[in-house]
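Here's the structure we're looking at; comments come further down.
Read-outs: derived from the displayed coordinates by stated rules, not from any lab. Bear in mind that the values here come from a model prediction, so they are computed numbers and not experimental data. Here Cβ is always computed from backbone atoms with ideal geometry, including for glycine, and neighbour counts include all displayed protein chains.
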Amino acid sequence: MPEPIQLEVVTPQRRVFSAWVSEVSFPSEHRGYYGILPGHTPVMTPLGNGLIYYTQDGQRHWLTVFGGFAEVGPDHVTILARDSETVDMIDPTQAEADRVRALKLLKEAQTEHDLADAKAALDVSLVRIQASGHPGGHGY
Amino acid sequence: MAGLQDIRRRIRSVKNTQQVTKAMKMISAVKLRKSQERLVSLRPYAGKMRDVAKSVVGRIKGHVAAEQLNLGPEARLFLDPREEKRIRVVLVASDKGLCGGFNANVMKAANAFLDTRAKEAVVLDVVGKRAVDYARKKGFKVHKEYLGIPLTGLERVSREVSDDAAKQYQTGEIDALYVIFNEFHSAMSQDPQVVRIFPMDLDAPAVDAKSETAHLLEPDPNTTLEALLPRFVETELLRALLESSASEHGARMAAMDKASNNAGEMIGKLTLTMNKIRQASITNQIIEIVSGANA
């Protein structure tokens, strides 16, 4: 049986993912994770940072996403991400190094701006670490 | 008749020019590939963004009054077109010449569009030296000049212009934002476009069967539109800049290819003339020798 939802993930840099899947969940900016099954009512919402989970052939896969928008229809989910990566694009050791550096920056931050930057960097590294390891049960 | 020496000199000079045009063609080919890669990777995003923005905005307009949704100024940006008393136009051309009709075409489109407006009603943002020259010559008011922007700097330009234009719209300084640029089809063909970015053109809304019902905008319409619409403007501008960049290099590549071919043709003609002259002088000498021997 063909999968019922067309999931498409595009960023300004590239088309990250495009395929038919049976289930999607993604992190919204304001309301936590959305779980999308076929026939979902049309929704449009800004995204936060986190993982997009999708189920294909009964297997669960995931992608990272950093900001952007999701547009949901009964048979499609379109993610316009600011940035997004597949798991194989992530270097776990690099992500860990980034996390350590971000923590250091967070402690040393003087201005509001530095603090926000450090927090954002930490957030990104944490999402990558989560993606490269075995992710928890978000959205499931 | 031109001397043999003169013709040799000319051939050498044309050959040098040919080498320059060949090199320029090759450089343009490399630059074209880079711009094109960037453009091709942005296009799906920009296309989706436009579809989503249009269908969301189109539906809001079609179904509910903006007042009912309690929209803030940012979100209103795209929803109520008003009389265009003053407009801001981003004119995208190139810094350098030698690219065939690239600049001429975009200027022609600019002329056709801007001639319908009063001079005072237009503020230009100009990208590229040729666009600056155009604005000066025509006497338009220039808001900002962007010169020598590398491919990687285009993103910053689009962000700057879109932020600034949004502010101007809200304070009532301008009533619309247009962009004039060359759209890239292939290295051989580009065509100039005049596009209104906001307020959004909804005459032909991108309605597909997939989105027949109105979207829920979560967490609320205001927050969503305020996040979406500025990104939409930015993306549209970035696309215009990239289209123009790819077009420029494509046009230059085509122009330089033609120039190299013409130079080759010219060398051929000159060589033929040179050989004729040489042969004539040889024949002359033989005649002289023969008639000398006969005498």
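Peptides B:14-22, A:45-53 ordered by packing proxy, namely the average of other Cβ atoms within 10 Å per residue, highest first: A:45-53, B:14-22.
Report summary: the helix-based calculation at 222 nm, which adds -39500 (n - 2.57) for every DSSP H run with n ≥ 4 and divides by the residues of chain B, gives -22000 deg cm²/dmol. Checking the cross-link pairs B:LYS31/B:LYS138; B:LYS144/B:LYS167; B:LYS108/B:LYS141; B:LYS31/B:LYS137 against a 22 Å limit on the alpha carbon distance flags B:LYS31/B:LYS138; B:LYS31/B:LYS137 as lying beyond it. Share of pairwise Cα-Cα distances greater than 29 Å in the protein assembly as shown is 59 percent (whole percent).
Measuring spread by the Cα atoms of the stretch A:89-132 yields a radius of gyration and Dmax of 10.6, 33 Å.
Seen from A:HIS30, the other residues with C-beta closer than 14 Å to its C-beta sum to a net charge of -3, counting Lys and Arg as +1 and Asp and Glu as -1. Charges were assigned to the Cβ only: +1 to each Lys and Arg, -1 to each Asp and Glu. The resulting dipole of chain B about its Cα centre is roughly 1880 debye. Going toward the positive end of the dipole of the protein assembly as shown, with +1 on Lys and Arg Cβ and -1 on Asp and Glu Cβ, which of B:GLY268, B:PHE140, A:TYR33 do you reach last? My answer, from the dipole projection, is B:GLY268. The angle separating the long axis of helix B:4-63 from the principal Cα axis of greatest extent in chain B is about 10 degrees. Using the rule -39500 (n - 2.57) for each DSSP H run of four or more residues, divided by the residues of chain A, the 222 nm mean residue ellipticity is -9500 deg cm²/dmol. Here chain B was treated as a single set of alpha-carbon atoms; its pair distances binned every 10 Å from 0 give 6, 22, 24, 18, 10, 7, 5, 4, 2, 1, 0, 0 percent. For chain A, what Kirkwood radius comes out of the mean inverse Cα-Cα distance, in Å? Across chain A, the inverse of the average 1/r is 15.6 Å. Taking other C-beta atoms within 10 angstrom as a stand-in for reagent exposure, B:ILE286, A:ILE5 fall in the order B:ILE286, A:ILE5, fewest first.
For the stretch A:5-86, a Kirkwood hydrodynamic radius built from all Cα pairs, placed in the Stokes-Einstein relation at 4 °C and 1.567 mPa s, yields a translational diffusion coefficient of 107 µm²/s.
Taking Lys and Arg as +1 and Asp and Glu as -1, the other residues whose beta-carbon sits under 13 Å from that of B:ASP191 total -1.
Name the residue farthest towards the positive end of the dipole of chain B from the options B:GLY58, B:LEU39, B:GLY97, assuming +1 on Cβ of Lys and Arg, -1 on Cβ of Asp and Glu, about the Cα centre. It is B:GLY97.
Per-residue mean of foreign Cβ neighbours for A:77-85 is 2 (Cβ atoms of other chains, 10 Å radius).
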